[in-house]
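The block underneath contains the structure these notes are about, expressed in C-alpha cells.
All of the numbers you see were taken from the coordinates with simple rules; none came from a lab. No experiment lies behind these values; they were computed from the predicted model shown. For neighbour counting, all protein chains shown are included, and Cβ atoms are generated from backbone atoms with ideal geometry for every residue, glycine included.
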Amino acid sequence: MQIANRGVDYKDRGGLTSADEDGVIRSQVFPGLWWAANNLLAGNMGRVLAVLQEGLAPPEHTAFVQQLSK
C-alpha cells in the first residue's frame, strides 16, 4: 500500500484488497488485519482503532493466532 497526495493506492501486496464501501481494507493473508486507511489519513484514530478491534473479533483471527503459536 502506498500513500500519496492524501490518497491511498491499494496494491496487491501482502494480500491486501481494495477498500470496501466503508473504506476498510481486509488482508487476505492475515485474518483480522482490517485497515481503515482513509480514516488514518484523516487523523480519525478512534475509527482506525475501532476497525482494527472489529477485525480481531471474528473466530478466523483467533484460529489464525492459534495456528501461529503451534
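Which of the residues belonging to segment 46-60 are farther than 21 Å from Gln28 by Cβ and either surrounded by 12 or more Cβ atoms within 10 Å (Cβ to Cβ) or aromatic (Phe, Trp, Tyr) (or both)?
Going through segment 46-60, the residues farther than 21 Å from Gln28 by Cβ turn out to be 46-47, 49-50.
If the condition is that a residue be farther than 21 Å from Gln28 by Cβ and either surrounded by 12 or more Cβ atoms within 10 Å (Cβ to Cβ) or aromatic (Phe, Trp, Tyr) (or both), then Arg47, Leu49, Ala50 are the ones that fit.
Out of segment 30-45, which residues are out of contact with any strand residue (DSSP E or B) (no Cβ under 6 Å at 6 or more places or on another chain) and either within 19 Å of Asp20 (Cα to Cα) or surrounded by 14 or more Cβ atoms within 10 Å (Cβ to Cβ) (or both)?
Phe30, Pro31, Gly32, Leu33, Ala36, Asn38, Asn39, Leu40, Leu41, Ala42, Asn44, Met45
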